[in-house]
Amino acid sequence: MDAGHLRRVGALGAVTALGAFGLASVGASAETAERATTKTISMEQQGNQLFFAGPARVKRGAELEIINNTNPRNVGPHTFSIVKKDELPTTNRQQRRCFRGDNVCVRIAEAHRFNFQTGEVNRNPVFAGKRGWNKGFGKRGDSWYSEERREVFGQPVKKKAGKTLFYLCAIHPEMQGKIKVARR
């Protein structure tokens with residue numbers, strides 16, 4: 001585990017333990033200021049419902065972390081994949097067909113170089129260009145695959161202010177969300 005990953009996990013733990021986001025005090029260090037700009041989206045399960053829980057807004061340039069709070073032994077792995085709004089499967093039928101033809105879930109699996117025979121993921125995370133959350137799937141977008149409970153991945157939001165990031169789990173396409181990108 002690299003130092004950056006440990007710092008992000010530590011920051012998440014500190015924020016969770018204190019029960020608030022964006023804590024800062026007079027004379028706060030640069031590290032505290034960095035934590036204040038970190039937002040977290042978590043993969044959750046309540047009964048049979050799987051969903052993303054997170055803020056409605058994030059500042060451009062802020063760190064956006066994704067944490068898997070589900071038990072993959074019970075529900076399987078997840079992706080956090082940025083998609084275009086019109087790629088979101090909105091009906092039950094579209095969600096069931098997300099892994100057919102040229103639908104977005106198929107393109108996400110291909111981008112991760114998922115081997116359908118062995119179940120191996122050979123590219124993780126997937127970046128469409130430079131590192132950062134900004135590109136929705138057309139042919140290729142930004143995506144992260146998780147198969148462990150409490151696994152965390154974060155990177156900065158690079159999408160322009162005033163835009164919205166739409167996201168879904170390609171494995172559970174009913175898990176969807178959006179987050180508005182605000183100015184710094």
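The values are calculated or read from the model by the stated rules, or taken from the named source; none is laboratory data. Computed from a predicted model, the values in this text were never measured in an experiment. Cβ: placed from backbone, ideal geometry, glycine included. Neighbour counts: every protein chain shown.
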Hits in region 164-184 (condition: among the basic types (Lys, Arg) and at pLDDT below 95): Arg183, Arg184
By residue number, the members of region 61-97 that are acidic (Asp, Glu) and loosely packed, with under 12 Cβ neighbours inside 10 Å are Asp86
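Whether any residue in region 3-16 is outside any helix (DSSP H, G or I), of a type outside the set (S, T, N, Q) and either in contact with a Leu (Cβ under 8 Å, 6 or more places away or on another chain) or at pLDDT below 50 (or both) is what I want to check.
Looking through region 3-16, none of the residues is outside any helix (DSSP H, G or I), of a type outside the set (S, T, N, Q) and either in contact with a Leu (Cβ under 8 Å, 6 or more places away or on another chain) or at pLDDT below 50 (or both).
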Taking interchain pairs and intrachain pairs at least six residues apart, which have beta carbon atoms under 8 angstrom, with the first residue in region 48-68 and farther than 12 Å from Gln155 by Cα and the second of a type in the set (Phe, Trp, Tyr)? Phe52/Phe80; Phe52/Tyr167; Pro55/Phe21
Among the strands (runs of 3 or more DSSP E) lying completely within region 141-184, list those that include at least 2 residues that are out of contact with any Pro (no Cβ under 8 Å at 6 or more places or on another chain). 152-156, 164-168, 176-182
Do we find that Thr91 is in contact with a helix residue (DSSP H, G or I) (Cβ under 9 Å, 6 or more places away or on another chain), within 21 Å of Asn48 (Cα to Cα) and of a type in the set (Ser, Thr, Tyr) in this structure? no
Mind listing whichever residues of region 98-121 are surrounded by 10 or more Cβ atoms within 10 Å (Cβ to Cβ) and either among the hydrophobic types (A, V, I, L, M, F, W, C) or touching a Ser or Thr at 6+ places or on another chain (Cβ under 8 Å) (or both)? Cys98, Phe99, Val104, Cys105, Val106, Ile108, Ala109, Ala111, His112, Phe114, Val121
Read through the list (1) modelled with pLDDT of 95 or more; (2) farther than 26 Å from Ala161 by Cβ, then give the number of the only condition that Val26 fails. (1)
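The rows are residues; the columns are (1) of a type in the set (A, V, I, L, M); (2) over 25 Å from Ala56 (Cβ atoms); (3) modelled with pLDDT of 95 or more.
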position	(1), (2), (3)
Asp86	no, no, no
Pro89	no, no, yes
Gly101	no, yes, no
Phe116	no, yes, no
Gly119	no, yes, no
Ala128	yes, no, no
Arg140	no, yes, no
Considering residues that are among the polar types (S, T, N, Q) and assigned to a loop (DSSP other than H, G, I, E, B), the number found within region 80-119 is 6
Can you confirm whether region 117-125 contains a residue that is touching a residue at least 24 places away in the same chain (Cβ under 8 Å), over 16 Å from Thr40 (Cα atoms) and out of contact with any Cys (no Cβ under 8 Å at 6 or more places or on another chain)? yes
